[in-house]
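Just below is one structure, and these are the notes that go with it.
The values are calculated or read from the model by the stated rules, or taken from the named source; none is laboratory data. Just so you know, these numbers come straight off a predicted model, no measurement behind them. Note that each Cβ is placed from the backbone with ideal geometry, even for glycine, and that neighbours are counted across all protein chains shown. Quick note on the areas: whole protein, heavy atoms, side chains included, nothing else; ligands and nucleic acids left out. Shrake-Rupley method; radii C 1.70, N 1.55, O 1.52, S 1.80 Å.
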Amino acid sequence: MRIHISALVLIVIVLSACSTQSETGSKDARLRSMSSAANARHAPSVAAAKGHDLGASAKPAPPARIVISAVALVEPAAGPTKFAKTEFAVTLATASSKPYEPNPSLGGLDLYALFTPPASTIARRINGFYDGSTWRIRFAPDRVGAWSYTITARDSSGTATTAANTFSVSDSTSRGFVRIDGKCLSLGGAPFFGVGHNTGWQYEVRTPGFDVMTANGENLLAFWMAVPWARPGAGSETWQAERAPLENADTGVGNYQQEAARYLDAVVVDAQANGVYLQPSLWSHGQLRSSTGHRWGPGWYDTNNAYATALGVSASDFFRTSGSAKGSTSAQWRYQQNYLRYVLARWGYSTAITGWVTVVELEGTTGWIVNQTQATAWCTKVADYFRANDQYRVSGLKYPIATSRSNAPAWTGAGDQRATDSYRMQHDDIGIAEAIASDTTTMRLSGKPSMHTEFGGDTTAIGARATQPTHLHNGLWAGVATGACVSPLVWTDGGAFPLLTDPTAGAAMTQQLRRYAEVVGQWPEVADPAAVAATLTAPAQSRAWGMIVPVANAQRGFAWTQATSGVFGAQIVLVHGLTANASYRCDWYDTWTVGSAPLTDYSSADASGTLTLTAPAVTRADIAVHFARQDPPVALASRR
């Protein structure tokens, strides 16, 4: 049957479903013990077991065969558009006792749709999920035209599949999904460079709000998907339920906290509506650190991680994926895959999500301390799962996911992105530039997009401390000047590291992010996969970093220079390896003042291909310059 979509009418289709016999299987010993109470409810009664006749009349009735009784296209009301959320609500005639378990042989329910694009016979599988009251399927079509689809539900009673139906997708202005392009990121075939901050465990991650972020040039927010210590039964505050881990001590393993899931729904929808991109972290170190035995202090694994409280898995064993029997899977890895499937099914559709961080600061977990090889292998398996199951973000077998460690840029890591968190210069306003630049340069040696998922300046330390916004400013510029795939993300926790809403430092920090976005947004070399590190010479008491696109007839690039003492005005930077005797336009940027226009100069490379750049006589400690080859050469009389 064909579905005709009205702009104002919710269409509910009652469908006849064909059923086939499902597969059956046995549970492992641990799963049997966990579900013994549920099994008892379906066992024959004691009276029947003691009766004289144990024939057919004494056996329990078989479960009703699964039926899909209705499917409704609930969003968008005006009909599907390219890259926008297309959501179906699915009604089943029978309820599932394990709605978050997708394996029918373990008593669960597997709901999915097969979407076939226009002019294609290759269907794409998108898994469904249960939101606490309704079964849903969320999908983002990437082509305009008529799509066909079927929806299938499987449980222990059999399989039900709807008849093929269609819907029509209209065009939109969306650029689609962020993907990996060499050492950079791209969006809709054009370079993408995120500018933003990290709110980590904040009870409200939208601090400041997304409208404020976009007004000040930010387009990227990193955050933890959960507060490690948040627990629905621990208090009456709303955040206890909304920011709890999806699996926590109250829900148990394999059950998902729906207040927390609805909060994440709202964050994703709000971000997409405001043009903000998201980088969620699946687990943080505190969630996976036990209460004793780690130099970072106690974590919340023993008290609020369902794998400990419900499954009995120790923190040191969280990363184990193999079972005790040869070739088997551990119970924790099976549940972890269910969790990853749920995350992708519920939020993977959104173009707002750039990618994921598997674990924040892996060395802060107990499992890393006990077995680093096992922990790294687990992170690789998580990255492999996303790469194999996310229909939207894979490009050339590359997938935007990383695992972070603190001050460890040389760690080979897991995933197709590199990430580190930098705090070794958290008290040094000048030294933070060298730290960020050195880290980024090291990470880029991997050939992967590289980023600082956190860096910060401690403004409350006794003795040497950071001052804001200087610490933020220098970290930001060092990152882009050495080829980071996004801006270094400043950590904001409202304590030693100020929030962007802080009454003292917040406004000044926000202005630096705004100016940064203003300038780098004018430079096409930022996030260009063809860009390489420029070879520069800076004067004494100064340093310089930059990137260049080394195309012979269109050489262009940028550099950021920093005086380690005093000011940089009127000093000289040399750019090597350019075309001999070629003319270049040079635009000098005040990196501090919002709205200020660049000062333009022209210069020619010498016979060896070295370009001499003379900075304007400014009274700043740093300045940025963009240079591009000009053909034909511009007469030097037109300087400035």
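For the condition without any contact (Cβ under 8 Å) to a residue 12 or more places away in the chain and within 22 Å of Val253 (Cα to Cα), what is the one hit in Ser133, Ser105?
Details: Ser105 fails: without any contact (Cβ under 8 Å) to a residue 12 or more places away in the chain.
Result of the check over Ser133, Ser105: Ser133.
Within segment 182-197, residues that are free of Cβ contacts under 8 Å to residues at least 24 places away in the same chain and within 24 Å of Ser172 (Cβ to Cβ) reach partners that are part of a strand (DSSP E or B) and of a type outside the set (Lys, Arg) with beta carbons closer than 9 Å, at six or more positions or on different chains, in the pairs Leu187/Val178; Leu187/Tyr277; Gly189/Asp181. Checking every residue in segment 327-335 against the condition of being crowded, with 17+ Cβ neighbours inside 10 Å and of a type in the set (S, T, N, Q) gives at least one match.
Can you spot a residue in segment 378-392 that is modelled with pLDDT under 95 and either buried (at least 17 other Cβ atoms within 10 Å of the Cβ) or touching a strand residue (DSSP E or B) at 6+ places or on another chain (Cβ under 7 Å) (or both)? Yes, there is a match, as at least one residue in segment 378-392 is modelled with pLDDT under 95 and either buried (at least 17 other Cβ atoms within 10 Å of the Cβ) or touching a strand residue (DSSP E or B) at 6+ places or on another chain (Cβ under 7 Å) (or both).
Quick grid of which residues meet (1) hydrophobic (A, V, I, L, M, F, W, C); (2) farther than 24 Å from Gly475 by Cα; (3) under 18 Å from the mean Cα position of the chain (by Cα):
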| site | (1), (2), (3) |
| --- | --- |
| Phe167 | yes, yes, no |
| Gly188 | no, yes, yes |
| Pro191 | no, no, yes |
| Gly196 | no, no, yes |
| Gln202 | no, no, yes |
| Asp211 | no, yes, no |
| Asn216 | no, no, no |
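Selection within segment 188-208: residues that are out of contact with any Leu (no Cβ under 7 Å at 6 or more places or on another chain), part of a loop (DSSP other than H, G, I, E, B) and under 23 Å from Val519 (Cβ atoms). The member of this set that is most open to solvent (accessible area, probe 1.4 Å) is Gly188.
How many of the residues making up segment 447-477 are among the charged types (D, E, K, R), within 25 Å of the chain's Cα centre (by Cα) and within 15 Å of Leu499 (Cα to Cα)?
As a first pass, look at segment 447-477 and keep what is among the charged types (D, E, K, R): 448, 454, 458, 465.
With within 25 Å of the chain's Cα centre (by Cα) added as a condition, the list becomes 448, 454.
Filter once more, keeping what is within 15 Å of Leu499 (Cα to Cα): 454.
Residues flagged as among the charged types (D, E, K, R), within 25 Å of the chain's Cα centre (by Cα) and within 15 Å of Leu499 (Cα to Cα) within segment 447-477 amount to 1.
All told, Glu434 falls short of being of a type outside the set (Lys, Arg), closer than 22 Å to Cys586 by Cβ, assigned to a helix (DSSP H, G or I) and open to solvent by 30 Å² or more (accessible area, probe 1.4 Å). Scanning segment 265-280 for residues that are in contact with a helix residue (DSSP H, G or I) (Cβ under 7 Å, 6 or more places away or on another chain) and either modelled with pLDDT under 95 or open to solvent by less than 10 Å² (accessible area, probe 1.4 Å) (or both) returns Val268, Ala271, Val276, Leu278.
When segment 281-308 is examined, which residues are found to be at negative phi, surrounded by fewer than 17 Cβ atoms within 10 Å (Cβ to Cβ) and either assigned to a helix (DSSP H, G or I) or of a type outside the set (Val, Ile, Thr) (or both)? Give the derivation first.
At the first step, the residues of segment 281-308 found to be at negative phi are 281-292, 294-296, 298-308.
Next, from what is left, pick out any that are surrounded by fewer than 17 Cβ atoms within 10 Å (Cβ to Cβ): 291-292, 295-296, 298.
Ser291, Arg295, Trp296, Pro298, listed by residue number.
Do you know which residues across segment 217-240 are open to solvent by 20 Å² or more (accessible area, probe 1.4 Å) and not in a loop (DSSP other than H, G, I, E, B)?
Within segment 217-240, the first condition is being open to solvent by 20 Å² or more (accessible area, probe 1.4 Å), and the residues that meet it are 217, 219, 229, 231-239.
Matches in segment 217-240: Pro232, Gly233, Ala234, Thr238, Trp239.
The condition (being over 25 Å from Thr441 (Cα atoms) and either in contact with a Leu (Cβ under 6 Å, 6 or more places away or on another chain) or not polar (S, T, N, Q) (or both)) is satisfied by just one residue among Gly557, Gly521, Gly566, Gly577: Gly566.
With respect to the conditions (1) surrounded by fewer than 21 Cβ atoms within 10 Å (Cβ to Cβ); (2) free of Cβ contacts under 8 Å to residues at least 60 places away in the same chain, Ala315 lacks only one, and its number is (1).
Given the structure, is Val618 touching a helix residue (DSSP H, G or I) at 6+ places or on another chain (Cβ under 6 Å) and either at pLDDT below 95 or surrounded by fewer than 21 Cβ atoms within 10 Å (Cβ to Cβ) (or both)?
Numbers: touching a helix residue (DSSP H, G or I) at 6+ places or on another chain (Cβ under 6 Å): no; either at pLDDT below 95 or surrounded by fewer than 21 Cβ atoms within 10 Å (Cβ to Cβ) (or both): yes.
No; evaluated as a whole, the condition is false for this residue.
Asp458 fulfils the conditions (1) assigned to a loop (DSSP other than H, G, I, E, B); (2) touching a Ser or Thr at 6+ places or on another chain (Cβ under 8 Å) except for a single criterion, (2).
Quick grid of which residues meet (1) charged (D, E, K, R); (2) closer than 18 Å to Trp283 by Cβ:
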| site | (1), (2) |
| --- | --- |
| Arg393 | yes, no |
| Gln417 | no, yes |
| Thr420 | no, yes |
| Ser446 | no, no |
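Please enumerate the residues belonging to segment 136-181 that are buried (at least 21 other Cβ atoms within 10 Å of the Cβ), within 25 Å of Arg341 (Cβ to Cβ) and among the acidic types (Asp, Glu). Within segment 136-181, Asp155 is the sole residue that qualifies. Please determine, by comparing only the residues of segment 77-98 that are open to solvent by 30 Å² or more (accessible area, probe 1.4 Å) and either within 17 Å of Ile151 (Cβ to Cβ) or not hydrophobic (A, V, I, L, M, F, W, C) (or both), which one is nearest to the chain's Cα centre (by Cα). Residue satisfying both the conditions and the ranking: Lys82. Among the criteria (1) within 20 Å of Ser487 (Cα to Cα); (2) surrounded by 17 or more Cβ atoms within 10 Å (Cβ to Cβ), the one Arg424 does not fulfil is (2). Residue check: Thr214 meets all listed conditions (1) open to solvent by 40 Å² or more (accessible area, probe 1.4 Å); (2) under 20 Å from Val343 (Cβ atoms) but one, namely (2).
Comparison of Thr162, Thr86 shows that the only residue that is touching a Leu at 6+ places or on another chain (Cβ under 6 Å) and hydroxyl-bearing (Ser, Thr, Tyr) is Thr162.
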